[in-house]
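Coordinate-derived values only; no laboratory data. Model, not experiment: these values are computed from the prediction. Note that each Cβ is placed from the backbone with ideal geometry, even for glycine, and that neighbours are counted across all protein chains shown.
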Amino acid sequence: MFKTKIIFWGLVVLLLCGISKSSFAQPTNYIETYQKIAVREMHRSGIPASITLAQGILESSWGNGSLALKANNHFGIKCKSTWTGPTFFIKDDDYKKGKLVKSCFRSYDNAEDSYVDHSEFLTDNPRYERLFSYNRTDYKKWAHGLKKCGYATDKKYAYKLINTIKKYKLHEFDLMPEERPAIIASENAPKLEMIIAQSFPSNPQPKPTPNSMPAPEAFVLPDDYQRGDGLRKFASKGNKILINNSSILLKKR
């Protein structure tokens, strides 16, 4: 009986620890957390937000993978010869003399830095140059292009990206303006059409020109006001100023 209780409470502790480390137990939590960064990076680099989010989801296991938790690396980017920042070593797919060895991965101070570096990794690497000739809304072409360019060794990588994008409607983020990313994954989110309509109205009202703007209300001075009157004289004539302006307002009514 005593041993049973120990095992029970041990399992409870392990479960609680697992929950505390998993910041994104629900898929929508991850999407809502990083959608704004993905949209911002799309406008900065040209990489579809849907592709960025889908890659982050797959490579980081929704933010719960070892690389994401211990190194803030959400895209599985390895060190390479050009990396001079912090590093993190973990076994992946590198072999030495037939033996699996630890691979060097980039480490970041926070997840946002990982997203920014992901953009720069693709834009600065000649291997991925062809991707930027694709339409930003053609996420399928981008997915297959990433696989052809050698981003991942998984043969089904492109299809996994496409299925993730379809399932969570990530492609809708590709239409978003930078300043107003929608919370598409949330059940309480406004319709995307409504947000786009607000951002880009079909019949925008022209901005008023100086000639079309209404003239400001006149401020009428008393008849005996003279140029050069000091503050004291001006104050002494205050009642006349109020009476003159009040009469104008009454006439307008």
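Points worth noting:
- Taking 0.36 nm per residue of separation and subtracting the Cα-Cα distance, full extension of the segment from ASN163 to SER103 would add 18.8 nm.
- Extension gain for the segment ILE90 to ASN110, taken as residue separation times 0.36 nm less the Cα-Cα distance, is 5.3 nm to one decimal.
- Residue-normalised convex hull volume from the C-alpha trace of the range 77-123: 84 Å³ per residue.
- 30 Å Cα-Cα threshold exceeded, pairs from LYS97/LYS166; LYS99/LYS156; LYS97/LYS148; LYS97/LYS141; LYS70/LYS160: LYS97/LYS166; LYS97/LYS141
- Between amide H atoms placed 1.01 Å from N, distances below 5 Å from SER103 occur with ILE90, LYS91, ASP92, all of them 5 or more places distant or on a separate chain.
- Neighbourhood charge, 12 Å Cβ-Cβ cut-off, centred on ALA152 and excluding it, Lys, Arg +1 and Asp, Glu -1: +2
- Ranked by the mean number of other Cβ atoms within 10 Å per residue, highest first, peptides 119-131, 51-63, 164-176 order as 51-63, 164-176, 119-131.
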